[in-house]
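Here, each number is a calculation from the coordinates, and none is a lab measurement. Note that the coordinates shown come from a computational prediction; the quantities given were computed from them, not determined experimentally. Cβ placement follows ideal geometry from the backbone for every residue including glycine, while neighbour counts extend to all protein chains displayed.
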Amino acid sequence: MLPVVVVHGGADHIPKERSKNSMSGVCSATRAGYAVLKGGGSSMDAVVEAVTQLENNPSFNAGCGSVLTVKGDVEMDAIVMDGKTLGSGAVSAVRNIANPVQLARLVMDKTSHACLTAEGASQFARSMGVPEVPQESLITEYIRMHWKKNLAPGANPVECQMGKMGTVGAVAVDSEGNVACATSTGGILNKMEGRVGDTPCIGCGGYADNQTGAVSTTGHGEAIMKVTLARLILFHMEQGQSVEAASDLGLAYMKSRVGGLGGVVTVDPQGNWAARFSSLQMAWAAAQKDTLHYGVYCGEHFTQSIEDPN
């Protein structure tokens, strides 16, 4: 069953014209993460590589392609967690960083803290030699257009969010049975300055524990935080539920209790995996036993050889 990596590109309504790019993006990221695992890399190496690929892809709301605050700035959040040690690192409200997920890993590896925020995170990045990038390099025309549209009097915020609310993330199990998760986001469109969602919060945006499994979440951050979605799903797995049933139970509770929609990718240490969502769509892909699995609509599940480039 091992190794395995599962990736999501955000749970939301994905406009038809962007669906193909989202699907190809998560498949490419999954291939990259799986190549790390096949080369003997750790589950942590694999999830960071997969999420880095998504941060570099302007089709996703993370890194380049992040949504903007009400003032028109980029503020990004990310988390990583290692199931072997329960080590975790996160950053919140960071600017001018191309790959927040890599900075989150540095927080885990190089500090005694679990999360650094805003200017403190920037100072740490400079001390680690992480290059700063111009904010403009992270902003796409598509995002700027939606930002301006949402500022207009009488704008429909829900409609303006479409296609750009999702977080990206990955979970993996390596050949030694160690699990890991990574999640990264630009947040929600036209958010207040300083708003931080679920992504960098342990147990909300992600959680990994070798005794149970790993989860990366996506959806409406405030709802996910209220139910600590990632940890809730692992609680159901601790009670004997399968990865799929536990994921569905967690998502159903979030919907019934706080009216929140979202999605998750989940693995257990044996290599069982699931990609589940209560939103209309979620671009996802998984790689296991040299087979690529992928889909975007509910009930959709395609497979092909991992070597097939199409």
Under 18 Å from a label point 7 Å along Cα→Cβ of K148: give me every residue in segment 42-69 with its amide N that close.
-> 65-69
Fewest first, what order do K289, K84 take by the number of other Cβ atoms within 10 Å?
-> K289, K84
Taking neighbour counts of Cβ atoms within 10 Å as a proxy for exposure, in what order, fewest first, do F235, F302, F277, F60 appear?
-> F302, F235, F277, F60
Where the centre of each part is set by its Cα atoms, how far does segment 23-75 sit from segment 1-19, in angstrom?
-> 11
Quickly rank 17-30, 203-216 as a protection proxy: mean count of other C-beta atoms within 10 Å, highest first.
-> 203-216, 17-30
Computed helical MRE - 222 nm, the chain, DSSP H runs ≥ 4 contributing -39500 (n - 2.57), nearest 500 = -10500 deg cm²/dmol
Checked the chain against the a/c 1.5 cut and the a/b vs b/c comparison, axes a ≥ b ≥ c from its Cα gyration tensor; verdict rounded
Per-residue Cβ contact counts at 10 Å, fewest first, order L86, L261 as L86, L261
Full extension between Y253 and N21 adds, at 0.36 nm per residue less the Cα distance, a length in nm of 80.4 nm
Assuming R0 = 41 Å, what is the FRET efficiency of E141 and A118, from their Cβ-Cβ distance, to the nearest 0.05?
-> 0.95
Taking square-rooted eigenvalues a ≥ b ≥ c of the alpha carbon gyration tensor, is segment 239-310 rounded, prolate or oblate, where a/c under 1.5 means rounded and, failing that, a/b exceeding b/c means prolate?
-> oblate
How many lysine pairs does the chain hold where the Cα atoms are under 21 Å apart and the two sit 8 or more places apart or on different chains?
-> 18
